[in-house]
1. Sort out which residues of the range B:136-146 are modelled with pLDDT of 95 or more and either within 18 Å of B:Y77 (Cβ to Cβ) or surrounded by fewer than 22 Cβ atoms within 10 Å (Cβ to Cβ) (or both), and write them in order of number.
2. Mind listing whichever residues of the range B:228-267 are within 17 Å of the chain's Cα centre (by Cα) and either of a type in the set (G, A, S) or open to solvent by 40 Å² or more (accessible area, probe 1.4 Å) (or both)?
3. I need a count of the residues in the range B:91-122 that are surrounded by 19 or more Cβ atoms within 10 Å (Cβ to Cβ) and more than 7 Å from chain A (Cβ to nearest Cβ).
4. Please enumerate the residues belonging to the range A:222-245 that are modelled with pLDDT of 95 or more and more than 20 Å from A:K142 (Cα to Cα).
5. Here are B:T63, B:T87: which of them is more than 8 Å from chain A (Cβ to nearest Cβ), closer than 30 Å to B:E238 by Cβ and not hydrophobic (A, V, I, L, M, F, W, C)?
6. Considering only residues that are in a helix (DSSP H, G or I) and open to solvent by 40 Å² or more (accessible area, probe 1.4 Å), which ones fall in the range A:185-216?
7. Among the residues of the range B:53-71, how many are loosely packed, with under 15 Cβ neighbours inside 10 Å and at positive phi?
8. Residue check, A:G210 against (1) free of Cβ contacts under 8 Å to residues at least 40 places away in the same chain; (2) touching a His at 6+ places or on another chain (Cβ under 6 Å), all met but one. Which one?
Protein chains: 2
Amino acid sequence: MNMKIRRSNRLVDLTRFLLENPHKLVSLKEFSERYGAAKSSISEDLSIVKKTMSEFGLGQVATVPGASGGAYFAPKYSKENATQVITELVELVDDSSRLLPGGYVYLSDLLGRPEILRKVGQLIATQYLDRDVDVIMTIETKGIPLAQSVAMYLNKPFVIVRNSSHITEGSTVSVNYVSGSSKRIKKMELSRRTLKQGANVVIIDDFLKGGGTMKGMQSLIREFDANLVGMNVFAEGEFSGERLVTGCTSLIKVTTKEEPSDYLKAEPGNFLTKVFTEADN
Amino acid sequence: MNMKIRRSNRLVDLTRFLLENPHKLVSLKEFSERYGAAKSSISEDLSIVKKTMSEFGLGQVATVPGASGGAYFAPKYSKENATQVITELVELVDDSSRLLPGGYVYLSDLLGRPEILRKVGQLIATQYLDRDVDVIMTIETKGIPLAQSVAMYLNKPFVIVRNSSHITEGSTVSVNYVSGSSKRIKKMELSRRTLKQGANVVIIDDFLKGGGTMKGMQSLIREFDANLVGMNVFAEGEFSGERLVTGCTSLIKVTTKEEPSDYLKAEPGNFLTKVFTEADN
């Protein structure tokens, strides 16, 4: 290091470090050694980062006291920021050219855009901020980008359930499930090594219709003796009749009709009312 | 905003903003309005961020002069940091329990860990720092997490090529390809709306053996009248005979044998020699 490290440099690198390692506790000692500065200075640095993040509504810096203490950053959207993101998503999806045959909705472009994935990841991570989550689960293919984004902000691994046997996964556990919309029996499976007994799992997927796929992932979680913490989808579609699962959070809700002409309406899902109370800001 | 915004607060939020929006040019005016500070102060803030990032070998802050000018952050690993990440990856993969039947290697756990994906994303983004890239392409399923990570750090969208027709993709373009290792003819396809004519494409995948899948993606790029900028894989396996593609960069190289007993050896791929010159640090 050729540079004398001042407070201003420490603040830049500290912010970078905390953002790149969300939910990871780092001791004052570690930072103190990294920057060659007194623990008391690091402590002051942390309170500047904390205050700034909180003021801009982007997350909280939590400090843990004691010998094994330190600080970590937890990405968290304020109600105001969350509302803004959901309004943006509604506007992006509310476009009848997204309507596909069978009442499906084209979303692949949105789920491949970094700036959207960053926002959605932070949004969903906010919901599980105070929950004990060990792993994020999704099913191939379109749930993957969302699951990965949430995993990045919770800083926990994600696992991908697959639709058919793949030689490169090794031994697997599989379950049968009924696709809620088509009523066909399908099979999903997960590599045996990827999920530990007792793990706390959040399920993330792109679209919820009848809930058959979601229910399949729930059975898979039971087969591994793991625990379901929550379920979240990007968009919830219409479904006539009763869904196979309850308690799933959705960012947006989409209503479609193909007759007499193409019709698609997007509106906010149940996320805001489920995650924030009246008192939140 | 209840807080008086000082330089220390600006540095924290500016760092966060630049990291969250890599490669995005932001004008001094925009920052100046966001923080209620003079452009000259913002300019000084930016040079502090620039110096710190460069000193820690984590990226460069580029400033663009003139009326439409501003600054952007480009994540970039120094040769030292890149070498360290590749050494880490080699150690993680060099474990014969990862050997699967047919000479395949189990990597799904690594490709689901945020801290690894962050490093690999920054590493591969370093290779395309000065290239004109419009979109990252990968094929389902295991290439997706890597492609997404690279896309996040280049701040460009990624598209997912699929193995079979999916109703939720709308109209698609498909090509046939020969899987280099199994010699079977397969079909891959991409939604027509996802890739624009003339787009500059980087292909990312998890594993390279014969190169058949990679060659298939190259034909798909030609079908869309788009341009191939480069190809990158996490791991390169052994292949007896000539590969169907040349010029692919690999982070690690894996040699396996099943007879007389399970054998797996991981070593650095060609990344370091392809991306850095002797003079780099």
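1. Residues satisfying the conditions are B:I136, B:L146.
2. Result: B:L228, B:G230, B:A235, B:G247, B:S250.
3. 13
4. Matches in the range A:222-245: A:R222, A:E223, A:F224, A:D225, A:A226, A:N227, A:L228, A:V229.
5. Every option except B:T87 fails the conditions.
6. Residues satisfying the conditions are A:R192, A:R193, A:T213, A:K215.
7. Qualifying residue count for the region: 1.
8. In the conditions (1) free of Cβ contacts under 8 Å to residues at least 40 places away in the same chain; (2) touching a His at 6+ places or on another chain (Cβ under 6 Å), A:G210 misses (2) alone.
The values are calculated or read from the model by the stated rules, or taken from the named source; none is laboratory data. This one's a predicted model, so the numbers in the text were calculated from it and none came from an experiment. All Cβ positions, even for glycine, are placed from backbone atoms using ideal geometry, and neighbour counts span all protein chains on display. Accessible surface is based on the protein model in full, side chains and every heavy atom, while ligands, DNA and RNA are left aside. Shrake-Rupley method; radii C 1.70, N 1.55, O 1.52, S 1.80 Å.
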